[in-house]
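Let me begin by presenting the structure, written as structure tokens, before commenting on it.
FYI, it's all coordinate maths here, none of it is from the lab. On a predicted model such as this, the values are computed, not experimentally measured, just so you know. Positions of Cβ are generated from backbone atoms using ideal geometry, with glycine treated the same way; all protein chains shown enter the neighbour counts.
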Amino acid sequence: MPVFELLVSGILLGGVYALIACGLNLIFGVMRVINFAHGDLLAVGALTTVSVVVGYHMPYIVALIVVPILTAALGLAMQLLVIRRIIDGPMVMSLLATFAISMIVVNVSILIWGGGFHGLPDVLSGSLPILGLHIPAAKLLAFLVAMGATAGVWWFLQSTRYGKAIRSVSQAPELAVISGISISQVRNVTFALGSAMAGLAGVLLAPTFASDAQLGTRFGVKAFAVIIVGGMGSYPGAMAAALFMGILEVFAGYLYGQEFGAATLFLVMLIVLVVRPRGLFGVGART
Amino acid sequence: ADNPIRIGVALSRSGNLADSAKLYWSGLELWSEQVNAHGGLLGRKVKLISYDDRSDPATAARLYEKLISDDKVDLLFGPWGSASSATAAAVANKHHRIFFNSGGASEQIEERGFKYLFQTAPAISAYVANIGPLAAKYHLKTLVFFGRDYPAARDMLKDMKAVAKKQDLKILDSEFFPAGTTDFSSLIAKARQLNPDIWLSIGYPNEAIEMVRQMKASNYLPKVFIHNGASITDFMTASGKNAEYVFGISLYEPTLKTKGNAEFVKAYQQKYNRSPAYYSAFAYAGATVMGRAVEQAKSLDQDKLREVLKTFQTDTVMGHHKVDPVTHKQVGVTGLLVQIRNGKREIVMPEDLKTMDPVIPMPAWDKR
Amino acid sequence: MARDNILLVDSVHKSYGGRVALNGASLEVAKSSITGVIGPNGSGKSTLFNIVAGSLRPDAGHILLNGRDVSQASPADICRQGVGRTFQISRLFSELTVLENLVAIAHGLSDHEAVERAMGLLEFLEITGLRDKWGRELSYGQCKLVEIARALMLQPTVMLLDEPFAGINPRLQNRIVDHLQGLRERGLTLFFIDHEMRIVLGICDELYVLAEGQVIANGDPAEIRASQAVREAYF
Amino acid sequence: MEVESTAFLELKQVTTGYGDVPAVRNASMVFDRGGVSAVIGSNGAGKSTVIKAAVGLLPVWNGQIFIEGVDVTTEAPHKRLARGVAFVPQGRIVMPEMTVRENLDIGAYILGNDRRRIAATIERLVATFPVIGQRMDQLAGTMSGGEQQMLAIARALMTDPTAIILDEPSLGLSPKFVDAVFEKLVELAGQGLTVIMVEQKASRALTVAERGYVMHTGRVIYTGEAASLLENPNVQQLFLGEVPEEVERMLNLNDFDEAAHAGMAHT
Amino acid sequence: MKFIVYVLIGAALLALLPLFAGSYTMSFMVQMFIFIALAYSWNLIGGYAGYAHFGQVTFFGIGAYVGTLCIIAGVHWLLAALIAGLSGVLCAVILGGVMLRLSGIFFGIGMFGIARVCEFMALGMGGITQGGTGLYLDVVDLGKLYYVLGAIALVMLLITFRLDNSRLGLQLLSIREDEMAANALGVRTTRLKIGTFVVSAFAPGAVGSLYACYLGFIDPPSAFALMTELTTIAMVLLGGMGTVLGPLAGAVLLSVVNDFLWARFPEIYLTLVGVIILITILYMPRGVINYAQKHTWAWVPVARGHLRRLADRAKGGV
Ligand SMILES: Nc1ncnc2c1ncn2[C@@H]1O[C@H](COP(=O)(O)OP(=O)(O)OP(=O)(O)O)[C@@H](O)[C@H]1O
Ligand SMILES: Nc1ncnc2c1ncn2[C@@H]1O[C@H](COP(=O)(O)OP(=O)(O)OP(=O)(O)O)[C@@H](O)[C@H]1O
Ligand SMILES: [Mg+2]
Ligand SMILES: [Mg+2]
């Protein structure tokens, strides 16, 4: 068994999951909204990247800047038009809303980009020979950005004044208001930021994966499993869980077949849910 | 003449098959226009009645009920996609209506013993039939099979095993991955260990794109990489130079020298401003069979038509149509193996149709 | 003196992480008595009640209800053995009406009886007008009143009340006290926590004072008022 | 409009409520700079409602609210906080999954990143609430009821406000602490803080207060010097219930009982 | 009681429908009944007990496979549906104890995971399920399916009506509101919610099997489709969670709207459905039934009307 190769592949795959989980986690952690449309914004990000690079012949770095801004704007629109009006209702409500938004985003993307698959053949397609292995450049970049973004968001929420304000809004909105925090602003910022991260993930995944309107759907569910295992709203947890799940999937896939590999993620998620419902790193107050 | 022959079909205009179904539809549409331009069938014009099945097999079933009972169409044409074909065929058979299966590849559809079902598209075995001769000619000894878990791939593995048994070809490993798989690193790691001559994959074009991409990024390449998705144009545009030398399984190419193909390609190009994809040819060929069989039966009576179809043979753009008189499986049309060369698909197998000799092994990533 | 104890708390320990909330507290509650628990904030009173009601498990020690060990029993079981409770921070069912809040948890009564009883309690607490209000629409004090009514719906033999009088206007406090005393005459045991000294010292037969998870004093109100230790810790 | 009085916070004929039922009608209150005021009334009288309108958590249906003569009727809560009005809501509300220190930091949110000043304020508050000092890193949601109440009060004091509105500050505090809190509030009032407290411990509140408002069924029914209210037999009879013997007499006030019903129900 | 009369009249009318309806209509009705039954089952656990359930399709899929395998083994399709229903129940018994310890959203996600695991298992156990190839069986006559599914839907409606007017229903609601408090007040929450969960698993199992009979084909993606799950939930939410008529109204409404739009605007109908769901959420957040009630459609039964009537009478008596 090529342990080392599998380990590296697993870690890189974990980076992909961490990248997607990060924005999802932010929006869930702060707003208690499970954003079904997250993966679709990711797909929009990837497809826009293809348009920018292949369609308009602009350098990849342009996409890296433009796309997160675009998806942030889309996310903000979602928040302003829909989410903010239902956020205080039961959670299934926001779930149904993001599900409806997801339907709209997917189908509008199909109208814009068609149902076919797109790729970025010439972007970061090489590999870096390290320790006798060939490390895919695009995945490596995605991994590094994922780690950086996760750590960054964590630091931001944990240590900055505005970060604390964001967290307080998720816990006691009324109290946040009377502490001088504008909840609507915090929520808008959070949603925009989370959506920007979906876009960023899209840009970074576009070189490795075939982009179409459903790209996000193929990942979304697994990213969710990662968040559960890590503990919702916990960033170090999500990062560790992402790596763990990536490695697990690759090894299980290698040893027992792909179908088992995919199922393992959910099995692990179930076990964690049963043994430690708040995830491996989740904490909580008494009820 | 003012009472057209009504032909019913359900097609995905929404859902995950919408894109490919559009191409399927274009073949059918072109056929109907051509038939009408030549005076129609049995002296009557033909008229297509089509609905959207949203790529959902349950909806397809419902629509065929509607076509049969409410719209009272004269002929039924099969939908696009195995799952929809399966459910629709069951409805048609229940009503004793002829069902031209032109868009559902799964062998299971044929194996249920539906008396009114006739396959015009190539049987699954045609897809992999060329791999045997290729292996023999180029001394390829080992193969791995990694397929998406959907009906066609499972059928193909069965056929591939049969082919391998006849040749001196060893299947080192076979595995299915679930729909939605995007990361193939553990398969690549596995293949790197097993070092097969051929990597055969059956699935969707996105998987072909991702496999090639990820193979390149981790610097791995088998001697021969075959993927059915590689013969879809998306693959080439999305993979760029990396697509070069990749083998695709195809059932139809515009360059094919079958009877009437050149005219078909020309007409198609005129109407749609692009060359026909194989989905279009599926529909066009299926409809051709339907039309000619009706002419021969001189009737729309479903049982008379059935008698004719059992032994009916004709040449279509896809090749020679012929079904097994008992199972009604297609036995005439064969598949093609293509290799991408200079951004074009060149037929490399079977020998008598080839447009170029293949390059084997595929040149390594850093030697291009 | 052989007392007829309905509830016995036997050296119960409980800690959260590193923080010790109860450190070997032992109490006895006599049948048909009014027993109060007081103590500084954070001394472990609510923790004690949650353990008695089965909502928390003790780390060590036992709870005997009518002589039976219930330290591992589920809250529902304990409740069905006649223990009704309220919560320090009201926990009404917010998307049910006040009436439904009461009727939902009634047991051993027909629908008709349950509704009658609920209406009677609402009337007594002067909140009949709240009958069709949603749980979430009540003011703080109204929530507390409904909670007391809800506990009374259970027709308990022991009532555990965690700060029932906090935030309730004095006139109603007095009415509630009267009512509870009336029930006590008929055999109800009242075990409650409160910081409202006017009431605690006025109605309790026996008082326990908790500090840092331990009972530092017990006795009748006069004794407690006199105790120097209690005065330092609490008053 | 120039307001001639020294009023810091003023409510003029405020009507507000929930959904489409008013819970407070035409309530007028004036709170002068410095000094303690008390708002008392039975449960459901509308005390919390009027206070929420004052700090901007509920929209005002009718009437006006002024802070230092400026009309703030439609201003957002955080703007009113910036004008110096801090608020402690009823029922020990804290950020349950944040530590005590973070709760205090949030309290000081509008001060910006002035770490020094925040640290100094915390130090001062810890002197009044020693428990908070010992629990800096505990999650607020795991604290006992009374501890949470202390934190809630301390949080509101973090901004060095000009006025503080407390909805039942004594709730769940041990007697010793009630004393401490009241003492502290009086002390702060002496230093110029405007203290407004809603209390059920009415006699206690009126003793420390200079001015009082008595609410009933959504209206302000008595206004005046706290001392005079305390002596007003009607007020005593209605709300204070100090002496158990008086209970009988109060129950005979049938008129008021019925009114109290309506006040609680608003149906 | 007036309500029951309306229901029965409606049922009688529907019973006559097959005499004059075309097979397309019948087919539409069959699918709608399937969703009505699913919506009612979901409403029990999702609407009343308040457990956001994202794994009902597990029982549906397992039912579909169990039923299909039975039919292939020669069992009559009706009996197969019964067995499939029981298989759903059995799964719920096994899962209930473990999963229902999870609270709120965690339960939902856990069940969602179980649905995915089952899907992968159906793919992986090719020996029994034929994996991705799927299983084929003979389709059952639409008329028969219509009556059977209609009966299941009706029974679910009546069960819900009974529940809504009983103390049991209130207790379920109290679990939804605050499970810990309910438990501390003597509601046997564990028993109750597991019981409800188990009961609510019967219909999806049976319906799954009937769905296979209707299609004549079943494969893992269609048996465990996320879309089935989400559509069901959308229906309940649109109609009104935890109400008697909500699931019915939601299922009918969404099915009709879906069909109407899809027939006219195939390319954009999904977008339109999304927009319509959003509009409903924003303007009728508690569902159409609650909306209708508020805007006084007298015939819509008030939630828990039984209790209110009792209370009014009690007041009169005093
Ligand atoms: N989950 C927990 N984690 C950590 N500490 C806890 C937890 N729950 C309670 N505590 C601590 O245990 C101690 C006892 O709490 P408890 O609620 O029993 O106090 P109490 O006597 O009811 O106080 P109060 O009168 O203020 O309500 C407190 O110091 C509290 O901070
Ligand atoms: N969210 C709400 N929705 C609807 N009605 C409400 C809501 N909150 C309070 N009410 C009603 O408004 C009235 C006044 O409530 P308020 O909270 O102001 O009373 P309060 O004087 O603060 O009483 P307490 O001393 O009990 O806290 C009450 O009748 C209450 O039922
Ligand atoms: Mg307490
Ligand atoms: Mg209040």
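Key figures
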item: Amide H contacts under 5 Å for B:K322, placed H, 5+ residues apart; result: B:V331, B:G332, B:V333
item: Per-residue average of Cβ from other chains inside 10 Å of B:166-178; result: 3
item: Proximal charge balance of B:L63 [Cβ under 12 Å; K/R count +1, D/E count -1]; result: -3
item: Scattering profile of chain C at q = 0.15 Å⁻¹ [log10 I(q)/I(0), Debye over alpha-carbon scatterers]; result: -1.03
item: Electrostatic dipole magnitude of the protein assembly as shown [Cβ: Lys, Arg +1; Asp, Glu -1; Cα centre; debye, to 20]; result: 3060 debye
item: Pair-distance profile P(r), taking every C-alpha pair of segment B:268-307, with 5 angstrom steps and integer %; result: 6, 22, 20, 16, 12, 10, 10, 4
item: Cα-derived Rg to Rh of segment D:1-154, Kirkwood definition; result: 1.01
item: Cα-Cα P(r), the protein assembly as shown, percent of pairs per 10 Å interval; result: 1, 8, 14, 18, 18, 14, 10, 8, 5, 3, 1, 0
item: Footprinting exposure proxy for B:E111, B:E253, E:E177 (fewest neighbouring C-beta atoms within 10 Å first); result: B:E111, E:E177, B:E253
item: Mean Cβ neighbour count within 10 Å, used as a protection proxy, ranking C:150-157, C:14-21 highest first; result: C:150-157, C:14-21
item: Stokes-Einstein diffusion coefficient of chain E, Kirkwood radius over Cα pairs, 10 °C, 1.306 mPa s, in µm²/s; result: 79 µm²/s
item: Options D:L171, E:G61, B:F235, ranked by Cα towards positive dipole end of the protein assembly as shown, top entry (Cβ charges); result: B:F235
item: Cα lying deepest toward the dipole's positive end in chain B, options B:V294, B:L67, B:N16, charges on Cβ; result: B:V294
item: Neighbour-count order for A:C22, C:C79, fewest beta carbons within 10 angstrom listed first; result: C:C79, A:C22
item: Spin-label model distance (nm) - B:Q296 vs B:A37, 7 Å beyond Cα toward Cβ; result: 2.5 nm
item: Residue-count net charge about E:G47 - beta-carbon cut-off 14 Å; Lys, Arg +1, Asp, Glu -1; result: +1
item: Highest to lowest packing among C:119-129, A:249-259, D:120-130, scored as the average C-beta count within 10 Å; result: A:249-259, C:119-129, D:120-130
item: Anisotropy class of chain A from Cα gyration tensor, a/c 1.5 cut; result: oblate
item: Which of D:I106, D:I132 has the fewest Cβ neighbours within 10 Å, and the rest in rising order; result: D:I132, D:I106
item: Separation of alpha-carbon centers, segment E:169-225 and segment D:24-47, rounded to whole Å; result: 50 Å
item: Value of [θ]222 nm, deg cm²/dmol, for chain D, DSSP H segments ≥ 4, -39500 (n - 2.57) each, nearest 500; result: -11000 deg cm²/dmol
item: For segment B:218-273 versus segment B:151-211, the gap between their alpha-carbon centres in whole angstrom; result: 19 Å
item: Separation of alpha-carbon centers, segment D:60-111 and segment E:14-36, rounded to whole Å; result: 59 Å
item: Kyte-Doolittle at least 1.6, axis length at least 15 Å by Cα - qualifying DSSP helices, chain E; result: E:2-16, E:56-72, E:77-99, E:226-239, E:269-283
item: Translational diffusion of segment A:159-211, µm² s⁻¹ [Kirkwood Rh, Cα pairs; Stokes-Einstein; 4 °C; 1.567 mPa s]; result: 103 µm²/s
item: Electrostatic dipole magnitude of segment D:9-261 [Cβ: Lys, Arg +1; Asp, Glu -1; Cα centre; debye, to 20]; result: 780 debye
item: Hydrodynamic radius of segment E:92-166 per Kirkwood, over alpha carbon pairs, in Å; result: 16.1 Å
item: Karplus-derived 3J(HN,Hα), 6.51/-1.76/1.60, for each residue of segment D:129-144, Hz, glycine and proline x; result: 10, x, 4, 4, x, 6, 10, 3, 9, 7, 5, 4, x, 8, 7, 6
item: Equivalent ellipsoid semi-axes, chain B, via Cα gyration tensor eigenvalues times 5, rooted, Å; result: 37, 20, 19
item: Cβ neighbours within 10 Å from other chains - mean over C:71-78; result: 4
item: For segment A:84-97, Karplus couplings with θ = phi - 60° (6.51, -1.76, 1.60), whole Hz, Gly/Pro x; result: 5, 7, 10, 4, 8, x, x, 5, 4, 4, 5, 5, 5, 5
item: Two-site FRET efficiency, E:V75 against A:V275, from Cβ-Cβ distance with R₀ of 41 Å, rounded to 0.05; result: 0.55
item: Per-residue HN-Hα couplings for segment D:77-88 [Karplus 6.51, -1.76, 1.60; θ = phi - 60°; Hz; x = Gly/Pro]; result: x, 5, 6, 5, 5, 4, 7, x, 9, 9, 9, 10
item: Trypsin sites (Lys or Arg not before Pro) within segment C:157-198: DSSP coil, no more than 12 neighbouring Cβ in 10 Å; result: C:R186
item: Residue-averaged beta-carbon neighbours from other chains (10 angstrom radius) around E:263-275; result: 6
item: Neighbourhood charge, 13 Å Cβ-Cβ cut-off, centred on A:A263 and excluding it, Lys, Arg +1 and Asp, Glu -1; result: -2
item: q = 0.09, 0.11 Å⁻¹: log10 I(q)/I(0) that the Debye formula gives for segment D:9-261, counting C-alpha atoms only; result: -0.40, -0.60
item: Counting all C-alpha pairs of segment B:1-80, share separated by more than 16 Å (%); result: 50 percent
item: Debye-sum result for segment E:161-318 in log10 I(q)/I(0), which assumes one identical scatterer on each alpha carbon, at q = 0.10, 0.14 Å⁻¹; result: -0.52, -0.94
item: Segment C:1-88 - charge dipole about Cα centre, Lys and Arg +1 at Cβ, Asp and Glu -1, debye rounded to 20; result: 200 debye
item: Greater than 20 Å apart at Cα, pairs in B:K66/B:K310; B:K22/B:K45; B:K45/B:K72; result: B:K66/B:K310; B:K22/B:K45
item: For segment D:9-261, with +1 on Lys and Arg beta carbons and -1 on Asp and Glu, the positive-most of D:V24, D:I67, D:V181 along the dipole; result: D:I67
